[in-house]
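Student: Mind looking over this structure? Questions follow.
The values are calculated or read from the model by the stated rules, or taken from the named source; none is laboratory data. Because the structure is predicted, anything quoted here is derived from the model rather than measured. Virtual Cβ from ideal backbone geometry, glycine too; neighbours counted across all protein chains shown. SASA here: full protein model, heavy atoms, side chains in, ligands and nucleic acids out. Shrake-Rupley method; radii C 1.70, N 1.55, O 1.52, S 1.80 Å.
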Amino acid sequence: WFAQHPNPDLRKEMADRLRFDADDEFLEKRSILARLVDDPDAGVRASAVGGLSAYNDDSAMVDDLARRSLGDPSPEVQAACLSALTLAHHHGFGELVFSTFQQHLGNQHVKVRKELAESLHWLPTDPRMAGLVHALLSDPSVEVRRAMAWQGINMSEHPELRELFMRACDDPDEEVAQDALKGMGRLLGFDQAAQFYRHRLAARNTESTAWGVYYGVCNDLEEPAARTLMQELTRSHFADVARAARDSLESE
């Protein structure tokens with residue numbers, strides 16, 4: 001009844017509740033979501049796609065999500081489809097996932113390209129990964145570049161990407177550069193990263209750089225090189241950074 005209600009807000013809420021609250025034994029869950037994914041309202045369709053992500057081990061479902069990502073006119077639905085596809089590689093659909101992601105690099109919608117950037121860290125090592133990351137770190141949208149730069153912190157299992165993220169630390173946008181800095185500790189390993197961070201602080205002595213270094217080491221103070229660098233930050237001439245560094249060390 002709710003899934004057929006004339007108010008799209010209620011239909012969307014029903015899709016969300018099916019996704020997050022419905023018991024797996026509720027046999028009608030998939031069939032109701034499958035009807036809602038063709039709803040005239042884009043928000044309802046996107047929520048239904050999110051619910052159908054639970055079936056990303058099914059070949060027909062994965063194929064349908066890939067087609068919808070390319071055919072639905074709504075960027076919200078396209079992004080939801082990409083999110084739903086992200087973990088399908090665990091079920092043998094890696095080729096389709098990478099192919100679909102590559103096709104969306106030229107998507108006109110920032111929301112969709114940002115979803116790509118936020119999803120890549122879930123994918124396995126693949127020769128195509130570097131091309132995807134490079135394209136997103138070079139995206140004309142600052143929002144997309146920042147989303148990709150931030151994910152460096154989650155991509156330590158992809159050492160082949162280090163150079164790309166190192167170059168992103170030179171992005172003309174300070175927020176992108178700062179977010180790229182945050183991941184260098186884990187991407188490079190903290191001994192090597194400490195040298196890199198000191199070089200950055202000397203070459204680009206801004207408060208944004210100092211914060212990037214701070215966030216790059218603050219969650220890994222059990223690492224001797226990270227702890228030493230944090231101690232150095234307590235002497236930063238940027239007062240807020242120095243105060244945060246002292247607080248981090250004292251809370252250990």
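Student: Please specify each residue of segment 39-56 satisfying the condition of being surrounded by 11 or more Cβ atoms within 10 Å (Cβ to Cβ) and over 24 Å from the mean Cα position of the chain (by Cα).
Tutor: So the first thing to find is which residues in segment 39-56 are surrounded by 11 or more Cβ atoms within 10 Å (Cβ to Cβ), and the list is 39, 41-56.
Those that are surrounded by 11 or more Cβ atoms within 10 Å (Cβ to Cβ) and over 24 Å from the mean Cα position of the chain (by Cα): D39, D41.
Student: If I ask for residues that are open to solvent by 100 Å² or more (accessible area, probe 1.4 Å), farther than 16 Å from A80 by Cβ and in a helix (DSSP H, G or I), which ones from segment 3-32 would you list?
Tutor: Those that are open to solvent by 100 Å² or more (accessible area, probe 1.4 Å), farther than 16 Å from A80 by Cβ and in a helix (DSSP H, G or I): Q4, D9.
Student: Is there any pair with a first residue in segment 1-20 that is of a type in the set (A, V, I, L, M) and a second that is at pLDDT 95 or above and surrounded by fewer than 16 Cβ atoms within 10 Å (Cβ to Cβ) whose Cβ atoms are under 8 Å apart and which are 6 or more apart or on different chains, and what are they?
Tutor: Qualifying pairs under 8 Å: A3/R35; M14/H5.
Student: If E76 passes every condition in (1) open to solvent by 40 Å² or more (accessible area, probe 1.4 Å); (2) within 29 Å of E163 (Cα to Cα); (3) of a type in the set (D, E) but one, which one does it miss?
Tutor: (2)
Student: Please verify whether segment 210-232 includes one or more residues that are among the polar types (S, T, N, Q), out of contact with any strand residue (DSSP E or B) (no Cβ under 6 Å at 6 or more places or on another chain) and over 30 Å from P124 (Cα atoms). Reasoning before the result, please.
Tutor: Step one: of segment 210-232, the residues among the polar types (S, T, N, Q) are 219, 228, 231.
Keeping just the survivors that are out of contact with any strand residue (DSSP E or B) (no Cβ under 6 Å at 6 or more places or on another chain) gives 219, 228, 231.
So of that shortlist, the ones also over 30 Å from P124 (Cα atoms) come out as 228, 231.
Checked segment 210-232: at least one residue is among the polar types (S, T, N, Q), out of contact with any strand residue (DSSP E or B) (no Cβ under 6 Å at 6 or more places or on another chain) and over 30 Å from P124 (Cα atoms).
Student: So is D220 open to solvent by less than 40 Å² (accessible area, probe 1.4 Å) and outside any helix (DSSP H, G or I) or not?
Tutor: Details: open to solvent by less than 40 Å² (accessible area, probe 1.4 Å): yes; outside any helix (DSSP H, G or I): yes.
Answer is yes for this residue.
Student: Still on this structure, I have one more. With segment 117-205 as the region, which helices (runs of 4 or more DSSP H) entirely inside it contain at least 1 residues that are aromatic (F, W, Y) and open to solvent by 10 Å² or more (accessible area, probe 1.4 Å)? Before you say what the answer is, go through the steps one by one.
Tutor: Numbers: elements: 129-137, 142-150, 162-168, 174-182, 184-188, 190-203.
Helices (runs of 4 or more DSSP H) meeting the threshold: 142-150, 190-203.
Student: Restricting to segment 228-240, count the residues that are crowded, with 18+ Cβ neighbours inside 10 Å and either in contact with a Lys or Arg (Cβ under 6 Å, 6 or more places away or on another chain) or in a helix (DSSP H, G or I) (or both). If you could, list the steps in order and put the result at the bottom.
Tutor: Narrowing segment 228-240 to residues crowded, with 18+ Cβ neighbours inside 10 Å: 229-230, 233, 236, 238.
Then keep just the ones that are either in contact with a Lys or Arg (Cβ under 6 Å, 6 or more places away or on another chain) or in a helix (DSSP H, G or I) (or both); that gives 229-230, 233.
Qualifying residue count, segment 228-240: 3.
Student: Moving on. Among the residues of segment 81-104 satisfying the criterion of being among the hydroxyl-bearing types (S, T, Y) and either under 15 Å from the mean Cα position of the chain (by Cα) or surrounded by fewer than 19 Cβ atoms within 10 Å (Cβ to Cβ) (or both), which is nearest to M129 (Cα to Cα)? Spell out how you get there, then give the answer.
Tutor: Here is the first cut: in segment 81-104, the residues among the hydroxyl-bearing types (S, T, Y) are 83, 86, 99-100.
Still in the running and either under 15 Å from the mean Cα position of the chain (by Cα) or surrounded by fewer than 19 Cβ atoms within 10 Å (Cβ to Cβ) (or both): 83, 86, 99.
Values: S83: 17, T86: 13, S99: 11 Å.
Applying the filter and picking the extreme gives S99.
Student: Among all residue pairs at least 6 apart or on different chains, which show Cβ distances below 9 Å where the first residue, located in segment 47-59, is more than 14 Å from S69 (Cβ to Cβ) and the second is among the aromatic types (F, W, Y) and part of a helix (DSSP H, G or I)?
Tutor: Taking only residues 6 or more apart or on different chains, the pairs are G51/F20.
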